[in-house]
Structures are given as C-alpha cells and as structure tokens.
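Reviewing the structure listed below.
The values are calculated or read from the model by the stated rules, or taken from the named source; none is laboratory data. Bear in mind the structure is a predicted one, so any value in this text is a computation, not a measurement. Ideal geometry is used to build each Cβ from the backbone, glycine not excepted, and the neighbour counts take in all protein chains shown. Remember, those area values only see protein heavy atoms, side chains included, never the ligands or the DNA or RNA. Shrake-Rupley method; radii C 1.70, N 1.55, O 1.52, S 1.80 Å.
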Amino acid sequence: MTTRIPVTLEGNLTGDPEYGASEAGNEYARFTVAVNDRRLNETTKVWEDAGTVFHRVVVFNQQSRHVANSLRKGDSIMVAGELRFGTYVDKESGRTHETRDVIADNVGASLKFADVAVSRAPKANGPDAEISVTGPVVAPVSYTDAGIAR
C-alpha cells in the first residue's frame, strides 16, 4: 500500500512545458514550477524572499496537450495533484538517487496577476467532435401545465 500525499502548488513555470508521448502512446507534459516563499521581516516591516523550492510536475493525456499549447515560461500557474517518490540508479556512477515528482490531476493558469481567455476543447473525439450541437431545448415547467408532486 502506498501513501497518497495530495499537494496544491502555486508558482511560476521555469521553462516551457516539454510535451511528448511514451512508446505505448501515452501523452505527457513535464515542467518545473518555482514556488517562492515570502515573509514579512518583523524588524523592517518589509516583505522579503525567503527561498525558492522547485517542483517537477508531470501531467498526462489530453490535459498534457492543453498545458503544452497554453502555458509558457514565467506563467503563474496552479497545480493540484499527488506527490510521488521514486529511485533510479545513475548509469555512470552506479549510485542510487531519490526523486520527488508531482503527478498533476489539474493544471491551470493563476488569475492572481493575469487575465486568461478560455477556449473549450470538444469532449467528443472523432467526427462527432466537429458537429455543432446546441443541446436539447426544454420549456420551463411553468409553461407546460405540469404539476409538481410532493
């Protein structure tokens, strides 16, 4: 059994997202988020930088395309996901290293310091995605003589 550690990050992209696909065809986007900690200096009453922590993030499937197409270096973003730990062996030295990554469930532009225009992607894939459907039209109950049974 693994421990699930949910995380929410707010920070800035350190570079453009790297988009790709695995050999099995699974799409992904990788990027790094810099989270700056600021604290009020009690003596000077001035806000000061208290350090930066860098988090590696990966997001999968359709959302990875949206991230790669929409976000750029320096953008302020928010990430909700899960912290995962792993290990790997360096091929040159043979030493084992630990990794820490965030597997993102949701990624979005932060609206704290920017305006964002949203364009929706179709939910369907294939030919049906191109058909413009307005959806069903329903008359309000008050126009239909339908009563409400209680």
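Scanning the range 17-63 for residues that are of a type in the set (A, V, I, L, M) and under 23 Å from S76 (Cβ atoms) yields A29, V33, A34, V35, L40, V46, A50, V53, V57, V58, V59.
Pairing each residue of the range 6-17 that is free of Cβ contacts under 8 Å to residues at least 60 places away in the same chain and over 13 Å from D37 (Cβ atoms) with any residue that is basic (K, R) and surrounded by 13 or more Cβ atoms within 10 Å (Cβ to Cβ), provided the two are 6+ apart or on different chains, yields C-beta distances under 8 Å for P17/R30. Every listed requirement among (1) in a strand (DSSP E or B); (2) open to solvent by less than 80 Å² (accessible area, probe 1.4 Å); (3) aliphatic (A, V, I, L, M); (4) over 12 Å from I103 (Cα atoms) is met by A68 save one, (1).
Consider G86 carefully, then state whether it is at pLDDT 80 or above, at positive phi and small (G, A, S). Judged against the criteria, G86 is not a match. Restricting attention to the range 4-25, the residues that are open to solvent by 40 Å² or more (accessible area, probe 1.4 Å), in contact with a strand residue (DSSP E or B) (Cβ under 9 Å, 6 or more places away or on another chain) and either modelled with pLDDT under 95 or in a strand (DSSP E or B) (or both) total 10. If only residues of the range 71-110 that are of a type in the set (G, A, S) and part of a loop (DSSP other than H, G, I, E, B) are counted, the one that is surrounded by the most Cβ atoms within 10 Å (Cβ to Cβ) is S110. Taken over the range 39-61, residues that are surrounded by 10 or more Cβ atoms within 10 Å (Cβ to Cβ) and either farther than 22 Å from G15 by Cβ or among the hydroxyl-bearing types (S, T, Y) (or both) amount to 7.
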